[in-house]
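Asks: Can you keep this structure in mind? I'll have questions shortly.
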Amino acid sequence: DAKTTQPTSMDCAEGRAANLPCNHSTISGNEYVYWYRQIHSQGPQYIIHGLKNNETNEMASLIITEDRKSSTLILPHATLRDTAVYYCIVRVAGASGSRLTFGEGTQLTVNP
Amino acid sequence: EPEVTQTPSHQVTQMGQEVILRCVPISNHLYFYWYRQILGQKVEFLVSFYNNEISEKSEIFDDQFSVERPDGSNFTLKIRSTKLEDSAMYFCASRPSGAYEQYFGPGTRLTVT
């Protein structure tokens, strides 16, 4: 799985968009970008994933650069409940076992 | 919305004892996982399970650990002869066939004294 780099922490004002970057410059053509988050002491929660096109669901949007070397997770209107550690994970979909390898992630703090 | 459930939420055991952590995956899911998170550290993969056998395991998952799907709904992690360093949150996850996102349970906090 390709290595990812994320900022250690970020702050965002409640109601504003939170833009969380992730660098994955060694990503391979068949590797997807996945985003999960972990609210304090809870189980990780799947947010969104994509291959090369931008994706949107009810939780967030995922913007992947054309060269696929970086991506941004966008929470359009952050709330206090979005305070969590956000993990960017790059892996081949359907790989044997399909384990997730969690890094340190980005601690997002949404401030009132 | 279907959820992965785990019991107990907190388990305290003495060193050397055996514990069984239980999980009920989402009902139509076919792939099952255990992860653990030692306090203040990263979430670590332990094992994946499909079609009644282990499909992948990490170096952490040694002979002390075993998994089982004893019936059509439960998925268990057994830790034999627990050690102090086994103290952690243990998360179960599942995913359906044809999709690759995993859905995690709330975790069991295991405390070994």
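The values are calculated or read from the model by the stated rules, or taken from the named source; none is laboratory data. Here the structure is a predicted model, which is why all the values come from computation and not from measurement. All Cβ positions, even for glycine, are placed from backbone atoms using ideal geometry, and neighbour counts span all protein chains on display. For the accessible areas, the whole protein counts, side chains as well, though only heavy atoms, and no ligand, DNA or RNA atoms are used. Shrake-Rupley method; radii C 1.70, N 1.55, O 1.52, S 1.80 Å.
Asks: With viscosity set to 0.692 mPa s at 37 °C, what whole-number translational diffusion coefficient in µm²/s follows for the protein assembly as shown from Stokes-Einstein and a Kirkwood radius over Cα pairs? Intermediate values should be presented prior to the final figure.
Replies: Details: Rh = 18.2 Å.
Translational D for this selection: 181 µm²/s.
Asks: Summed for both chains, how many Å² of accessible area, to the nearest 100, are buried between A and B with a 1.4 Å probe?
Replies: 1700
Asks: So if I take the centroid of the Cα atoms in the range B:4-52 and the same for the range B:54-113, what is the distance between those two points in Å?
Replies: Comparing the Cα centres of the range B:4-52 and the range B:54-113, I get a distance of 3 Å.
Asks: Using the heavy atoms of the protein chains alone and a 1.4 angstrom probe, what is the accessible area of chain A per residue in square angstrom? Display every interim value, and only then the final one.
Replies: Numbers: 5570 Å² over 112 residues.
That works out to 50 Å² for each residue.
Asks: Follow-up question, since we're still on this one. Using a 1.4 angstrom probe on heavy atoms only, work out the carbon and sulfur share of the accessible area of chain B in %.
Replies: 45
Asks: Taking a 1.4 Å probe, which of B:SER9, B:SER55 shows the most accessible area, and what order do the others take after it?
Replies: Ranking B:SER9, B:SER55 by accessible area, largest first, yields B:SER9, B:SER55.
Asks: Something else: Take B:ASP86, A:ASP67, B:ASP62 and sort them by solvent-accessible surface of the protein heavy atoms, 1.4 Å probe, largest at the top. Mind showing how you got there, number by number?
Replies: On the way: B:ASP86 5, A:ASP67 95, B:ASP62 70 Å².
Most to least solvent-accessible, the answer reads A:ASP67, B:ASP62, B:ASP86.
Asks: Please report the carbon-and-sulfur percent of the accessible area for chain A; probe 1.4 Å, protein heavy atoms only, DNA, RNA and ligands left out.
Replies: On the way: 2650 of 5570 Å².
Solvent-exposed carbon and sulfur of chain A make up 48 percent of the total.
Asks: Return one quarter of the surface area of the convex hull spanned by the alpha-carbon atoms of the range A:55-112, equal to its mean projected area, in nm².
Replies: 5.2
Asks: Give me the residues in the range A:43-59 whose solvent-accessible area, probe 1.4 Å, is reduced by at least 30 Å² once all protein chains are included instead of the chain isolated.
Replies: For the range A:43-59, once contacts with the other chains are taken into account, A:GLY43, A:PRO44, A:TYR46 lose 30 Å² or more.
Asks: By residue number, which cysteines of chain A lack any other Cys whose Cβ falls under 4.7 Å from their Cβ?
Replies: Taking the Cβ cut-off of 4.7 Å, the unpaired cysteines of chain A are A:CYS12.
Asks: What residue among B:GLU18, B:GLU59, B:GLU68 shows peak mean-square fluctuation when chain B is described by a Gaussian network model with Cα springs under 10 Å?
Replies: Of B:GLU18, B:GLU59, B:GLU68, the Gaussian network model singles out B:GLU59 as fluctuating most.
Asks: Which ³J(HN,Hα) values in Hz, rounded to whole numbers, follow from the phi angles of the range B:91-98 under the Karplus curve 6.51 cos²θ - 1.76 cosθ + 1.60, where θ = phi - 60° and Gly and Pro get x?
Replies: Couplings: 10, 9, 9, 9, 8, x, 5, x Hz.
Asks: How large is Rg/Rh for chain A, to two decimals, with Cα atoms and a Kirkwood Rh?
Replies: Working: Rg = 13.3 Å, Rh = 14.0 Å.
Here the Rg-to-Rh quotient is 0.95.
Asks: Whole number in Å², please: accessible area per residue of chain B, 1.4 Å probe, ligands, DNA and RNA not counted.
Replies: For chain B, the per-residue accessible area is 50 Å².
Asks: Here is a follow-up. Over the range A:23-112, what relative contact order in percent results from Cα pairs under 8 Å that are six or more residues apart?
Replies: Values: 170 pairs, mean separation 26.7, N = 90.
This gives 30 percent for the range A:23-112.
Asks: Could you estimate the translational diffusion coefficient of chain B from the Stokes-Einstein equation, with Rh from the Kirkwood formula over C-alpha pairs, at 20 °C and 1.002 mPa s, in whole µm²/s? The partial results should precede the final answer.
Replies: Numbers: Rh = 14.0 Å.
Once the numbers are plugged in, D ends up at 153 µm²/s.
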